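Report on one structure; see the data block that follows.
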Amino acid sequence: MKNIYSIFIRELKSYFISPIAYVILTVFLLLSGYFFYTVLSWFLQYSIQMQANPYGQPPPVNVNLMMMRPLFLNMAIIAVFMIPMITMRLIAEEKKTGTLELLMTSPITPMQWILGKYLSGFILYASMITLSFIPIFLLFLFGNPEFWPVISGYIGLLFLGGAFLSLGLIVSSLTENQIIAATVSFFLFLLLWVIDWIADSLSYTMGSVIKYLSIVSHFDDFAKGIIDTSNIVFFLSFIIFGIFLTYRSIDSIRWRI
Amino acid sequence: MISVENLTKYYGIKKAVDNITFSVKKGEILGFLGPNAAGKTTTMRIITCYLSASSGTVRVAGYDIFENPIEVKKRIGYMPENPPLYTDMTVSSYLKFVGGIKGLSGKKLNERVNEVMKVAAVEDVKNRVTGKLSKGYRQRVGLAQAIIHNPEILILDEPTAGLDPKQIIETRELIKSLAGQHTIVVSTHILPEVSMTCDRVLIINEGKIVAEDTIEDLTKKIRGSETILMEINGPKNEIKEKLEKIEGVAEVKVQDTKDGGLHKYHIESKPSFNIRKELAKTVVNSDWGLEEMRTISLSLEDIFLKLTTKEEEVQN
């Protein structure tokens, strides 16, 4: 536990001492702010149109479904772009600079330092999405969205990010080049995002497997405000499997080189 | 303290370490000598559990490196050839981090960090970022990192590589001062270093151990024949001819000097012949001017070259 903590603190410091953390946080904040604004103005326009409806009582407008849900999906897309920047250095950099040799010859197990690294990436990601709550807080001040679906959306974002982080960690453990790590992670994230687009043109069995793999459909429930245990199981098993594969990949370094 | 038995390591089909066996006693400084790519680093990496072996066993302080890697790692301080520094950390925070993952904590950790900074003489840069340090300081921080948990065994991979002469001397002094409390394995391809710091030397070439002994014994063993240098004033060809006729002389090489009549003669004896008396007699009787006469002792460098070039000579 102490070892995990040592690694975790070092990694976190290294994010925040270097400009990495600030660049990532700023970019995310700018983009999510921009998306918030566009979604908000679309929503306002829509509600004005609805009020001017000449055919009697307008259908009810729902802030959570019509505004928060697309906002969460947008933030998830930004996460797809930002998480490779968080994970690319985690292991690849250690390989490049030779500090991997220090970790591997110190009396700590690979699992301990992998977990430490994963957690530090997760905390950076969590602080990133926490910042995006600022505009939403304003929405709470001036509007009346429901609280719990917003929390559910954030839980969904945490799970989604956690899964991407574990996948990015594997990729980072396979190369010593950070650019390659980032590019390949980004490719995999995007693939998982759009993989269900081909589901309809496949056989039923194949299609449902592909659909299950699609990370968006699991996330969308959270964005709608539904916390479904099957989705939680999906994300948790994704994360655990990713960390396990990273462990395997690190363990095999001893045998491969 | 360390026992290595029949250790073999393949990289793909290339044999990097070929069936080597050796042991290091407690408190000893073992020099690991060999040309580049001889298998020194590979062997060290296997002992420190960074790499696995293809076959063979290694035991460190009684623990097998495959069965009890954590116990082994606790007892070893390892300094790779390139010090494993996190370039964004300051020296003191880096050492604190390394101490932490090596099992120190709290007050003990702070004490040790201060101690090793003193020992490795890096106190004056303790608040500088390691990435901005000069090569000499980096190397010393690397050393400080290796000794922070006060390990029984120190494994240093080319600790003086890339340092200036003054730093080399300081580093050697530092290694010597660590002897006694630690068992040390130092690798190097610089020869004088071994004779200056080590008790015992192990010469490795192309993955095989070609010699293992104390430095004095090694010199004696190799020196079956001796080479004598003479500076003689006189006719070159005649002198050469006469000297070659003396019993026990294997070869005479002539070297011109700036002074026209004066030549240097390198005379190599056949094994176990003492030719000095005859040489002197011949020169004096022929009435040549003998300016200088001395034996050339084999330096470690010659031994090293002799041992590591043997194989090629056989092939030729």
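The values are calculated or read from the model by the stated rules, or taken from the named source; none is laboratory data. Just so you know, these numbers come straight off a predicted model, no measurement behind them. In this analysis, Cβ positions are derived from the backbone assuming ideal geometry, glycine residues included, and neighbour counts consider all displayed protein chains. Quick note on the areas: whole protein, heavy atoms, side chains included, nothing else; ligands and nucleic acids left out. Shrake-Rupley method; radii C 1.70, N 1.55, O 1.52, S 1.80 Å.
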Residue selected from segment A:245-257 under the condition more than 16 Å from A:THR87 (Cβ to Cβ) and either more than 9 Å from chain B (Cβ to nearest Cβ) or in contact (Cβ under 8 Å) with a residue 40 or more places away in the chain (or both), by the criterion most open to solvent (accessible area, probe 1.4 Å): A:ARG256
Subset of segment A:209-224 (residues that are open to solvent by less than 50 Å² (accessible area, probe 1.4 Å) and more than 18 Å from the chain's Cα centre (by Cα)): A:ILE210
B:GLU212 vs. criteria in contact with a Phe, Trp or Tyr (Cβ under 9 Å, 6 or more places away or on another chain), assigned by TED's automatic domain parsing to the domain that holds B:PRO83, surrounded by fewer than 18 Cβ atoms within 10 Å (Cβ to Cβ) and of a type outside the set (S, T, N, Q): yes
Whichever residue in segment B:100-116 is within 9 Å of another protein chain (Cβ to nearest Cβ) and of a type outside the set (Val, Ile, Thr) and, among such residues, is surrounded by the fewest Cβ atoms within 10 Å (Cβ to Cβ): B:SER105
Considering residues of segment A:225-244 that are more than 15 Å from A:PRO110 (Cβ to Cβ) and crowded, with 17+ Cβ neighbours inside 10 Å only, the residue nearest to the other protein chains (Cβ to nearest Cβ): A:ILE239
Scope segment B:71-86; condition at the interface with chain A (Cβ under 7 Å from one of its Cβ atoms) and at pLDDT below 90; matching residues: B:ASN82
Among the residues listed as A:SER18, A:SER6, A:SER106, the single one being open to solvent by less than 60 Å² (accessible area, probe 1.4 Å), among the polar types (S, T, N, Q), within 14 Å of another protein chain (Cβ to nearest Cβ) and in contact (Cβ under 8 Å) with a residue 40 or more places away in the chain: A:SER6
Segment B:109-154, residues that are basic (Lys, Arg) and over 12 Å from B:THR90 (Cα atoms): B:ARG112, B:LYS118, B:LYS135, B:ARG140
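Listed here are the residues, each with its yes/no results for (1) aliphatic (A, V, I, L, M); (2) under 25 Å from A:MET82 (Cα atoms); (3) in a helix (DSSP H, G or I); (4) touching a Ser or Thr at 6+ places or on another chain (Cβ under 6 Å).
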{"position": "A:ALA21", "(1), (2), (3), (4)": "yes, yes, yes, no"}
{"position": "A:LEU25", "(1), (2), (3), (4)": "yes, yes, yes, no"}
{"position": "A:PHE28", "(1), (2), (3), (4)": "no, yes, yes, no"}
{"position": "A:TYR34", "(1), (2), (3), (4)": "no, yes, yes, no"}
{"position": "A:PHE43", "(1), (2), (3), (4)": "no, no, yes, no"}
{"position": "A:MET50", "(1), (2), (3), (4)": "yes, no, yes, no"}
{"position": "A:TYR55", "(1), (2), (3), (4)": "no, no, no, no"}
Flag if B:GLU206 is in contact (Cβ under 8 Å) with a residue 40 or more places away in the chain, within 17 Å of the chain's Cα centre (by Cα) and surrounded by fewer than 17 Cβ atoms within 10 Å (Cβ to Cβ): yes
For A:VAL171: the one exception among (1) open to solvent by less than 30 Å² (accessible area, probe 1.4 Å); (2) closer than 26 Å to A:PRO70 by Cβ: (2)
Within segment A:109-129, considering residues that are in a helix (DSSP H, G or I) and at the interface with chain B (Cβ under 9 Å from one of its Cβ atoms), the one least open to solvent (accessible area, probe 1.4 Å): A:TRP113
Extreme residue, surrounded by the fewest Cβ atoms within 10 Å (Cβ to Cβ), among residues of segment B:31-59 that are among the aliphatic types (A, V, I, L, M) and modelled with pLDDT of 90 or more: B:VAL58
Subset of segment B:73-85 (residues that are under 18 Å from A:PRO110 (Cβ atoms) and not charged (D, E, K, R)): B:ILE76, B:TYR78, B:PRO80, B:PRO84
Among (1) touching a residue at least 60 places away in the same chain (Cβ under 8 Å); (2) touching a Leu at 6+ places or on another chain (Cβ under 6 Å), the one test that A:ILE114 misses: (2)
Yes/no for A:PHE81 being within 21 Å of A:LEU188 (Cα to Cα), away from chain B (no Cβ under 14 Å) and not acidic (Asp, Glu): yes
Test set (1) open to solvent by less than 10 Å² (accessible area, probe 1.4 Å); (2) within 14 Å of the chain's Cα centre (by Cα) - B:ILE76 fails condition number: (2)
Selected residue (criterion: surrounded by the most Cβ atoms within 10 Å (Cβ to Cβ)) from residues of segment A:33-55 that are polar (S, T, N, Q) and modelled with pLDDT under 90: A:SER47
So A:MET75, is it more than 14 Å from every other protein chain (Cβ to nearest Cβ), in contact (Cβ under 8 Å) with a residue 60 or more places away in the chain and in a helix (DSSP H, G or I): yes
